[in-house]
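A short worksheet on the structure shown next.
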2 protein chains.
Amino acid sequence: MASPARDQKLETLLTAAARVFAKHGYHQTSMRDLARASGISLAGVYYYVQSKEELLYLIQQRNFAAVLAGMHAALAGVTNPVERLARFIDNHLDYFATHMAEMKVLSHEAGALTGEYLHRVTDMKHEYTRALMDILAELEHTHGPAHVNRRVAAYSLFGMMNWIYNWYDPLGDVGVELLSQNVCRLFLGGYVGLPVSDAVLPQPAAG
Amino acid sequence: MASPARDQKLETLLTAAARVFAKHGYHQTSMRDLARASGISLAGVYYYVQSKEELLYLIQQRNFAAVLAGMHAALAGVTNPVERLARFIDNHLDYFATHMAEMKVLSHEAGALTGEYLHRVTDMKHEYTRALMDILAELEHTHGPAHVNRRVAAYSLFGMMNWIYNWYDPLGDVGVELLSQNVCRLFLGGYVGLPVSDAVLPQPAAG
DNA sequence: GTTGAAACTGAACGAGCGTTCGAGAACCCC
DNA sequence: GGGGTTCTCGAACGCTCGTTCAGTTTCAAC
């Protein structure tokens, strides 16, 4: 039921689907479009996936799980709150920049899931938000009171990071390292008034 | 062809449509849904509007025009770059918070327009982006070199501000003034390292 | 009370949608 | 090479979609 060959073909399907969803939107995309894009017949798609919504769920679930795993790896053993935040941001933006289509689908089609699918993805989002809020709390503890409401700060940071699918081109003249460094400075400078030197930022792709 | 009565009924239709679009998404919403929500028959909707896409365009165009007009009014006569930026942010968030449904449609359904409709809205966005970039340039001139790439900074700010439809509740315990002040501090602190005191921020609803 | 434009509507059209089904093709182990 | 599982697909089903159209109602002006 779950052979390696099957897994690989499902992966191909998910990648193609993410690309089309990202370009035209989930509801605008038909199963016939996905069949064409993945080289499988329309009915064949249903051998790998139970429904269109499950396809969307799998894209969101797998990529969010990867972001979460990357975050845990990047934070492991790091105790300095500033560096923890820098690694959190770096992991997020790095994954985003290397999986633009999938992450656009995750950010933009959040409201398209329903029922149990929605529930599971929402749970992951809560875990992720909680992780950031905890880092912010540590940060306040070591660097004095914040200049800004913690919740506003957290969602502002998510806004900065998740909005990039609207403008960022990974192949353009702004590299991922610069982007990550800039977002980190922007946030830290405003949140705890920290003038961030290069030294404090993590080595690129540290996790 | 354009009586006051007709104008008012169109306004009602647009308001109802924005509410439904914001809740369920543009493509997910049928013209039958809109007819039901606005109390007009399905065919009657087409007396006021040529197509579903024109309906979306009118919502986006009218509200973006209002944001632009508010911005010009808020900036008129203000020369201090810090205050200009503060007023820019305040105008944006104030309008967003008081027109959540319309602004969610503007932010989230940007990719649903095509052809000439898309072109016109895109032009307005360019004008708006240009206005922010100009303020940032002034800011660098008066407050020294920026800590962050200007383009990254501009889109990060838009990200912070436009993401709020994903989490912000205008009726919750975070008021618009606090939100606006917080975003302003967050951005200015990181962009030019300015510890923003309350005094420098504009009076609420100054424009 | 008649007229004509404006406002509105029930019913239908053709097209495309997500999904299903039965049957055939390909593959592997004996 | 026979048998069973895995994989693939053309064709169709029922449904909903955006839009149209011929017609009716509303109503102010004469």
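Throughout, read-outs are computed from the coordinates displayed, never taken from laboratory work. What you see is a predicted model, and the numbers here were worked out from it, not measured in a lab. Virtual Cβ from ideal backbone geometry, glycine too; neighbours counted across all protein chains shown.
Among B:LEU56, B:LEU178, the order by Cβ neighbours within 10 angstrom, fewest to most, reads B:LEU178, B:LEU56. When you restrict to C-alpha pairs under 8 Å that are six or more residues apart and normalise by the size of chain A, the relative contact order lands at 26 percent. Here the dipole of the protein assembly as shown is about 920 debye; that uses its Cα centre as origin and unit charges on the Cβ of Lys and Arg (positive) and Asp and Glu (negative). The mean sequence separation of alpha-carbon pairs under 8 Å and at least six residues apart, normalised by the residue count of region B:45-166, gives a relative contact order of 32 percent. Build a GNM of chain A with springs between Cα atoms under 10 Å apart, and of A:LEU106, A:LEU42, A:LEU68 the one that fluctuates most is A:LEU42. The residue among B:LEU118, B:VAL148, B:HIS92 whose Cα reaches farthest toward the positive pole of the charge dipole of region B:64-153, with charges on the beta-carbon of Lys, Arg, Asp and Glu, is B:VAL148. The modelled label-to-label distance between A:ASP123 and A:THR12, using points 7 Å beyond Cα along the C-beta direction, is 3.2 nm. Here B:ARG6 yields copy-to-copy label distances, from shortest upward, of 6.1 nm, the label point defined as 7 Å from Cα along Cα to C-beta. Estimated from helices alone, the mean residue ellipticity of the protein assembly as shown at 222 nm is -23500 deg cm²/dmol (sum of -39500 (n - 2.57) over DSSP H runs with n ≥ 4, per residue). A Cβ-based charge dipole, computed about the Cα centre of region B:1-100 with Lys and Arg at +1 and Asp and Glu at -1, lands at about 280 debye.
Distances between copies of A:GLU127, taken at a point 7 Å out from Cα along the Cα→Cβ vector and listed shortest first: 4.7 nm.
Taken residue by residue and averaged, Cβ atoms of other chains lying within 10 Å of the Cβ of A:163-175 number 3. Within chain A, the whole DSSP H helices whose Cα atoms reach 24 Å or more along their own axis and whose mean Kyte-Doolittle score is at least 0.0 are A:52-75. In nanometres and ascending order, the distances from the A:GLU177 label point to those of the other copies are 4.6 (point 7 Å from Cα along Cα→Cβ).
Dipole size of chain B about its Cα centre, with +1 on Lys/Arg Cβ and -1 on Asp/Glu Cβ: approximately 480 debye, rounded to the nearest 20.
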